[in-house]
Amino acid sequence: MSDMDKRNRLSEEPFTYRITKKGTVVIYYKGKQIKFLKDREALRLIERINEVEDNITELQLLLAKITGNFKRGNEKLGKNK
């Protein structure tokens with residue numbers, strides 16, 4: 001077990017990505033867009049994705065690190081008023 005993924009959440013593959021024709025990278029978490037990268041940042045990510053593409057856990061960890069701490073647990077569902 002990795003020290004980075006103690007709760008084994010990355011094995012569920014929550015992160016996906018899409019590379020557009022313009023060379024930008026869009027990262028999704030459970031189907032929702034959370035990060036949009038372009039220019040140099042996108043090129044570096046594409047290179048790193050190509051390096052770890054065969055290892056799904058490494059790819060998920062890479063995407064998790066790129067997105068940072070975007071989910072803090074205080075998100076609330078919208079209520080109808």
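Looking only at region 28-56, filter to residues that are among the β-branched types (Val, Ile, Thr) and out of contact with any helix residue (DSSP H, G or I) (no Cβ under 6 Å at 6 or more places or on another chain); which one of those is nearest to Glu13 (Cα to Cα)? Ranking the qualifying residues of region 28-56, first place goes to Ile56. As for region 65-79, it holds no residue that is surrounded by 15 or more Cβ atoms within 10 Å (Cβ to Cβ), of a type outside the set (S, T, N, Q), out of contact with any strand residue (DSSP E or B) (no Cβ under 7 Å at 6 or more places or on another chain) and modelled with pLDDT of 90 or more.
The values are calculated or read from the model by the stated rules, or taken from the named source; none is laboratory data. For clarity, every value in this text was computed on a predicted model and none was experimentally measured. Quick reminder, even Gly has a Cβ in these numbers, built from the backbone with ideal geometry, and neighbours come from all protein chains shown.
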